[in-house]
Amino acid sequence: MDFPYNTYSMTSPATPSKAAKKSCGCCIPLLSSPIGRKWIVAITGIVLILFVIGHLLGNLSIFVGPDAMNSYAAFLKSTGELLWVVRIVLLTCVVLHIWFTITLWRENLSARPQKYAVKNDLGTTVYARLMRISGLTVLAFVLYHLAQFTWQAFNPEYKTWIDAQGRHDVYRMVVTAFECPLVSGFYILAVGLLGMHLSHGIASLFQTLGLTTEKLRPVFERGGLLIAWIIFLGFASIPTAVLLGLVKCSASVPSCPFSH
Ligand code: HEM
């Protein structure tokens, strides 16, 4: 399969477009070339993937039991300022990743001779669209997810759930939320799109970093696909296990009319 990297990695326009001029009217040399901007998308992507893998490993502690999950969450909170540093780095990466993706996309559009791509560009157009749609859905999911579990905006009672050791009962919160099939279904769908985004994104970032050769291309493609599947199955296993009653909490109170 000829993997259409270049639309997402975005071929460099010969002359800087209006969008490019606007976005790189600053003194940082990395930002002044499309290659530099692609690098930023790739590097911020790597940081975000590392976060996702770390978060997955932490969340899998739910299968060990309430004590493991609650002490993991308590440990994260106990890191205090370090946690805030990590949060700020992540937020910066998200903003830069999205900003430069949009900038490169606009540059690419205005560099095209025709408004609509035809024939040869069809595959790359579909590919780029898939990346944008899956990326935006993952962003919407993360905002919903933060509102649900970090800010506990939908169920303020979550804040009052404390386990026997006096720690926030994150285990009970997650199990209660996933007992609702609508919530679990949305999570499974969102992590499916995340997997799709990562499978293309991982292969694409190796291309951007100049590490792809004809020989290595299938290795990166398959490697990206494998990592994406592991991430998808890892995250999806949590709501699935709760829905199947394999992970449960005696203290959970039904939070939606469909909860079992
Ligand atoms: C089954 C899937 C998931 C579960 C059970 C889960 C669980 C949680 C929980 C319990 C928290 C709050 C921790 C606390 O404040 O004590 C949290 C925070 C967070 N989650 Fe997830 N998560 C899942 C998937 C994801 C995915 C796929 C992403 C990103 C694409 C993500 C991104 C985040 C972020 C950014 C935070 C905020 C971290 C912070 O407070 O600094 N989560 N998650």
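Against the numbered list (1) without any contact (Cβ under 8 Å) to a residue 40 or more places away in the chain; (2) within 30 Å of residue 251 (Cα to Cα); (3) not polar (S, T, N, Q), residue 220 comes up short only at (2).
For segment 128-154, a residue qualifies if it is part of a loop (DSSP other than H, G, I, E, B) and either within 10 Å of the ligand (Cβ to nearest atom) or among the acidic types (Asp, Glu) (or both), and the qualifying residues are 151, 152.
Applying the criterion of being in contact with a helix residue (DSSP H, G or I) (Cβ under 7 Å, 6 or more places away or on another chain) and away from the ligand (no atom under 16 Å from the Cβ) to the residues of segment 32-59, the residue that is modelled with the lowest pLDDT is 34. From the set of residues in segment 69-103 that are under 15 Å from the mean Cα position of the chain (by Cα) and polar (S, T, N, Q), which is nearest to the ligand (Cβ to nearest atom)? Top of the filtered list is 92.
Okay, residues lined up against (1) of a type outside the set (S, T, N, Q); (2) in a loop (DSSP other than H, G, I, E, B); (3) away from the ligand (no atom under 11 Å from the Cβ); (4) out of contact with any Phe, Trp or Tyr (no Cβ under 8 Å at 6 or more places or on another chain):
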| site | (1), (2), (3), (4) |
| --- | --- |
| 197 | yes, no, no, yes |
| 200 | yes, no, yes, no |
| 206 | yes, no, yes, no |
| 220 | yes, no, yes, no |
| 228 | yes, no, yes, yes |
| 234 | yes, no, no, yes |
| 238 | yes, no, no, no |
| 246 | yes, yes, yes, yes |
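Only residues that are within 12 Å of the ligand (Cβ to nearest atom) and either assigned to a loop (DSSP other than H, G, I, E, B) or touching a residue at least 40 places away in the same chain (Cβ under 8 Å) (or both) were counted in segment 155-184, giving 14.
The values are calculated or read from the model by the stated rules, or taken from the named source; none is laboratory data. Please read these numbers as outputs of a predicted model, since none were measured by experiment. Methodologically, a virtual Cβ is constructed for each residue, glycine included, from the backbone with ideal geometry; neighbour enumeration extends over all protein chains shown.
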